[in-house]
Amino acid sequence: MYFVARLIGKTIAFLSPLLRRGGGTSAPGVALLRLHPKAFSKLSDSLDRGSVLISATNGKTTTTRFLSDILANAGVACVSNTSGANLKSGVATALLTKEQHHEMGVLEVDEAALPEIVEENRPRMLILMNLFRDQLDRYGELESIAKRWREMVLALHPNTKLLVNADDPVLATIGLQRPGTIFFGLGDASSYSRDKLQHASDSSNCPQCSAPLSYEHLTLSHMGDWRCESCSLARPQLDFAVSRIRLDGLNGSDFTINSESGLHEISSKMPGLHNVYNALAAFSAASDLGIDQEGIVSSISKTVAAFGRTEKISINDRELHILLAKNPAGANANIDTLLLQPGPLHLCVLLNDRIADGRDVSWIWDVDYERVLNKVETLHVGGERSYDLALRFLYGGFDKEKIEVADSIPKLLDSLISSTSENSKLFVLPSYTAMLDLRDELVKRNVTHAFWKDGK
Ligand SMILES: [Zn+2]
């Protein structure tokens with residue numbers, strides 16, 4: 001029965017791209033799991049060297065990419081869900097369509113789907129990156145996921161290695177429950193520290209006693225070098241620590257990773273402090289998997305972003321930069337990156353409210369757009385909730401006459417091009433499905449390729 005179910009799943013996997021159903025990233029897994037509920041465990045067991053599972057609100061796609069590149073460059077053949085299909089069906093599809101020579105899985109997993117997948121996959125390594133309040137549910141979702149992760153970690157198989165971002169107080173506390181947890185974080189981020197918590201901050205209270213946390217430095221949202229003065233819970237000792245960070249706008253960043261084996265100078269093409277965390281997680285994981293550290297450093301320097309995350313596309317002699325922004329923490333990280341760009345800026349924000357974006361779009365009020373607005377020369381808003389964005393920017397103090405509302409993606413692109421000169425840089429911050437719509441139009445205009453042809 002399992003054999004037949006697997007065959008049907010594989011047939012759908014073969015047909016889906018031909019039918020243009022999103023590259024066949026989930027449908028085969030859905031079919032397989034319906035036909036054979038135990039298929040997931042069986043597929044997981046088919047990998048000789050097991051799986052590494054990566055979960056986070058933000059950064060799981062990029063970290064997966066960093067790590068699978070490192071392993072591939074070290075000669076370890078890995079299967080990965082590079083298309084970002086990270087629910088159980090998407091992970092099952094990746095495992096189902098793996099090639100014969102694949103010996104390890106490097107898989108990104110949705111936060112809510114993680115406990116069930118961990119139970120059935122029994123990974124060799126689990127990486128917990130961050131939990132930011134997501135746009136999907138502003139009321140209690142974060143706490144409920146944290147609680148389920150806590151239980152999941154307590155029930156982990158003793159052979160599973162656990163890697164945790166120590167800068168996230170909730171995750172660090174979860175990691176501290178288990179002996180042998182490997183912690184990573186930003187050791188010296190003083191030059192990028194914030195004076196106060198951004199108002200999008202999610203958990204600035206002690207996970208143990210609820211007293212407000214104090215910070216030696218803050219990095220992104222609620223993350224940083226934290227401690228509780230009341231119960232003395234504090235950020236754990238870092239096994240892998242980043243220091244000497246130099247962010248170079250959209251060009252990337254240079255930083256140093258300090259580990260037991262010494263100092264490693266890294267130069268990455270991936271912009272922003274959030275990507276420093278992603279590279280650090282991949283470095284820590286690969287080191288623990290026994291990959292040669294010089295090889296890791298060299299691989300990290302070559303990795304470029306997955307489609308739509310931070311992507312540069314040339315169109316009509318302009319540089320279009322797509323910076324996916326699907327929740328307040330992600331959008332604020334992008335604004336940090338834009339602040340490092342020389343002005344004036346051409347900014348475009350796109351917002352949809354489909355299920356994959358989150359139906360509730362009020363999260364845009366938690367994004368600190370104000371910080372960048374005085375550098376903005378042209379401002380376009382688009383997507384199905386363009387008027388919510390227009391209102392947001394109006395309240396942010398942007399000149400009403402200068403807010404361009406586009407009612408379709410083609411019109412938006414035309415307007416972006418006609419209102420800027422050649423060689424301009426155009427920065428687009430789309431929500432998830434708005435990014436897919438934008439890319440569809442860019443594919444139609446022949447300036448980029450479809451995401452399932454995303455080469456590595
Ligand atoms: Zn406390």
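Summarised in one figure, the compactness ratio Rg/Rh of the chain, Cα atoms and Kirkwood Rh, is 0.95. Put simply, the amide H of F132, placed in the peptide plane, has neighbours under 5 Å in T57, N58, leaving out anything fewer than 5 places away on its chain. Which of the listed residues, V376, S68, S418, is farthest toward the dipole's positive end in the chain, when Lys, Arg count +1 and Asp, Glu count -1 at the beta-carbon? Working it through, the farthest residue towards the positive pole turns out to be S68. What the phi angles of the range 309-321 give under the Karplus curve with 6.51, -1.76 and 1.60, with θ = phi - 60°, is a coupling list of 6, 9, 10, 10, 10, 8, 9, 6, 6, 10, 9, 9, 9 Hz, glycine and proline written as x.
With the contact rule set at Cα under 8 Å and sequence spacing of 6 or more, what percent relative contact order holds for the chain? Each step should come with its number before you reach the end.
Numbers: 919 pairs, mean separation 57.4, N = 456.
After rounding, I find 13 percent.
Summarising the amide proton neighbourhood of G272: residues at separation of 5 or more, or on other chains, whose placed amide H is nearer than 5 Å comprise D248, G252. Less than 9 Å Cβ to Cβ from S44, Lys/Arg counted +1 and Asp/Glu -1: what total charge do the surrounding residues give? Surrounding charge for S44 is 0. For the range 173-183, backbone phi angles converted through the Karplus equation (6.51, -1.76, 1.60; θ = phi - 60°) give residue-by-residue couplings of 5, 5, x, 5, 5, 10, x, x, 5, 9, 10 Hz, Gly and Pro being listed as x. The HN-Hα couplings worked out from phi for the range 398-414 by the Karplus form 6.51 cos²θ - 1.76 cosθ + 1.60 (θ = phi - 60°) are 7, 4, 4, 5, 9, 8, 8, 9, 9, 9, 8, 5, x, 5, 4, 4, 4 Hz, whole numbers, x standing for Gly and Pro. Distance from the Cα centre of the range 68-88 to that of the range 231-309, in angstrom? The range 68-88 and the range 231-309 have Cα centres separated by 18 Å.
Expressed as a rounded percentage, what relative contact order does the range 310-453 have, with Cα pairs under 8 Å and six or more residues apart? Could the numbers behind the result be given before it?
Working: 233 pairs, mean separation 51.4, N = 144.
36 percent.
Think of the chain as having a plus end and a minus end, set by charges on the Cβ of Lys, Arg, Asp and Glu; of W149, H36, A279, H36 sits farthest toward the positive end of this dipole.
If you put +1 on each Lys and Arg Cβ and -1 on each Asp and Glu Cβ, how big is the dipole of the chain around its Cα centre, in Debye rounded to 20? Show your work: numbers first, answer last.
Working: 48 positive and 55 negative charges, 246 e Å.
About 1180 debye.
How big is the Rg/Rh ratio for the range 310-453, C-alpha atoms only, Rh by Kirkwood, two decimals? That ratio is 0.92, to two decimals.
Taking the dipole about the Cα centre of the chain, with the C-beta of Lys and Arg at +1 and of Asp and Glu at -1, give me whichever of N159, N332, I174 is farthest to the positive side. Farthest along the dipole direction, towards plus: N159.
Which whole-number percent of Cα pairs in the range 24-164 have a distance greater than 19 Å? For the range 24-164, the share of Cα pairs beyond 19 Å comes to 48 percent. Annotation: amide H of E377 within the under-5 Å range of L345, H346, L347, sequence separation 5 or more or interchain, hydrogens built in the peptide plane. Dipole size of the range 310-453 about its Cα centre, with +1 on Lys/Arg Cβ and -1 on Asp/Glu Cβ: approximately 280 debye, rounded to the nearest 20.
Would you mind checking K60/K88; K269/K302; K312/K400 for any pair whose Cα atoms are more than 18 angstrom apart? Write down the numbers at each step before the final one.
Details: K60/K88 15 Å; K269/K302 7 Å; K312/K400 29 Å.
Over 18 Å apart, Cα to Cα: K312/K400.
Summary value for the range 200-301: 17 percent relative contact order, contacts being C-alpha pairs under 8 angstrom separated by 6+ residues.
Here, each number is a calculation from the coordinates, and none is a lab measurement. Remember, predicted model here, so these are calculated numbers, not experimental data. Positions of Cβ are generated from backbone atoms using ideal geometry, with glycine treated the same way; all protein chains shown enter the neighbour counts.
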